[in-house]
Every structure is written in C-alpha cells, then in structure tokens.
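The values are calculated or read from the model by the stated rules, or taken from the named source; none is laboratory data. A quick note: this is a predicted structure, and the numbers were derived from the prediction, not measured. Ideal geometry is used to build each Cβ from the backbone, glycine not excepted, and the neighbour counts take in all protein chains shown.
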Amino acid sequence: MDPETQPANSTPFAAGDDSDGHNEEKRRKLCFNCNRPIKVCLCSIIPPESIATITRIVILHHPHEQRHKLATVPVLSKCLRKCDVIVGRRLRYGDSEILDSLHDVAIRNPNFPHRAIYLFPGADTSPSQEINHWKSSKHTVEMINYVLIAFDGTWKHAREMMRASLSFLSKFAVQVHLDYDVGNDGGTIFNSDLILRKEPFSGCMSTMEAVAHCLRILEPNGIDIESSLIAVLRSMVRFQASFLKPMKPRPKLIKGGREGKT
C-alpha cells in the first residue's frame, strides 16, 4: 500500500466524534520544508545545506507532476542551490530571466557558442549530441557556467514539452543526451535501487538521476555532486520500496497461451 494513502489510524470513530477531525488534520499536515505529509517526510535525506554548483539548472515541471507522489523534482530543488523550477507545458520567452538573457545574447550574436543545453534523447527530427562529446568539443571546452535545461514528466509529456519549447530553445541551446537504448526495456523499482517508476526503455531515468549524471560531466567537482544526489535518490527509492508488496513472478507463456516449462 502506498504510504500516503495508508490510513493513519484504523480505529473507527463515532459520528460527530471530535477525535475524527483532529486525526484528519494530523494526517493531512505537511512538512513545511519538503511539502510531503509528515508521516512520509523526506527531510532526513535532504542535505542540510544545499549543494553549490556553477551550472544553473532549469527544469520545466509538468503540472501533473505536482500531484505525483513519486516526483523527484521537489526534492532535487531542495538539494541544489541553483535550481529553477518552472511549472508548465512549454518554455517560452518571459518564463525565466536566465533563459531570456541567453535568447537575447544569441539573437545579437548568432555565432557565439551556446552554453545552454537541453536534455532529451535524439530523433530524426531533433538530432542530439551525447553530452560528453558536446562538452569536449572545441567550442565549449573553455566554458564553465553552463545552463542545463530538463523536462520533468512522463515520457509522453516530456516529449510534448520539448517539442512545444523547441522554437524558443533552438535559438540558444543545444540538444544533448545521456546513453540510452530504445531497443531494451527500462527498469522498475523491483530491479533497481534508483528507479521509482517503470521506465519505457533502457537509459530513461528520473529527472534527479539525469541531472546528477549531467552535473558529474559539467561540474569541476561533479563526481562528489553526483554521489550526493544519487545517495538522496537511493534513499527515496528504498523508502518507497519498503511500502511495496513483493511481486510474484508471472509464468512464462508459449504460443497458445499454455504455461511454458522452465
């Protein structure tokens, strides 16, 4: 049973009993820091001091993710000092001062190397560079003050958000990606200590994990930053997994619907 939907007290109360209202108020009380119900507060795993980075992180957070219990962005934004979260379905001029300034500089100096990147797997219509290859190119090797843009939502929503933002982002940002393989299935919380939700294919990951891996590449002390963020994510997954019921393996089926022999 999910910890946030599990009854806090199973003892029935008589109609009109004041204890019932008190219990409801206690059950719904949120932590002022992590904004989660008190009984599933995650403050104990959030670093006491936010992590300083040279890189500025900008995350477009899909509105549906605000209601999702397993979203990692609220915790990620508490961990990083320079992390801006924009709730919406597309990025456009006026949403972010840093993105607006990058847009304006690119319009005035179209040949100036881009220091902004947006993270999304490539496709025929939107070619992408592996982030290590992009960083090692001759135009960016001397840069340090990167701007990393990420899309937070389901795979379907993230793709829609990226495409809707492309007319704006293409003016000043380069598309990059981490390693991925659409030919292999993604993992689940049952076979990985870093996955909270079923991923559509290999290489897909939570926004927190993706940002952590990117910062390892972009930051001078990236290995330490990645380790700190991954430790927080691993604790989140372990905490959530403690409320899950073990899954029985499904029998293998062969043609005709009969159970296969092992």
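Summary of computed values
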{"item": "Hits in segment 52-66 (condition: part of a loop (DSSP other than H, G, I, E, B) and among the polar types (S, T, N, Q))", "result": "Thr53, Thr55"}
{"item": "Selection count, segment 27-78, where residues are acidic (Asp, Glu), over 30 Å from Leu166 (Cβ atoms) and in contact (Cβ under 8 Å) with a residue 24 or more places away in the chain", "result": "0"}
{"item": "In segment 232-255, residue surrounded by the fewest Cβ atoms within 10 Å (Cβ to Cβ) [restricted to those that are in a helix (DSSP H, G or I) and either modelled with pLDDT of 90 or more or not small (Gly, Ala, Ser) (or both)]", "result": "Arg238"}
{"item": "Boolean, Lys78 is modelled with pLDDT under 95 and in a loop (DSSP other than H, G, I, E, B)", "result": "no"}
{"item": "Unmet requirement for Val73, which otherwise passes all of (1) modelled with pLDDT of 95 or more; (2) crowded, with 18+ Cβ neighbours inside 10 Å", "result": "(1)"}
{"item": "Qualifying positions in segment 34-70 - under 26 Å from Leu99 (Cα atoms), surrounded by fewer than 17 Cβ atoms within 10 Å (Cβ to Cβ) and in contact with a strand residue (DSSP E or B) (Cβ under 8 Å, 6 or more places away or on another chain)", "result": "Ser50, Pro63, Gln66"}
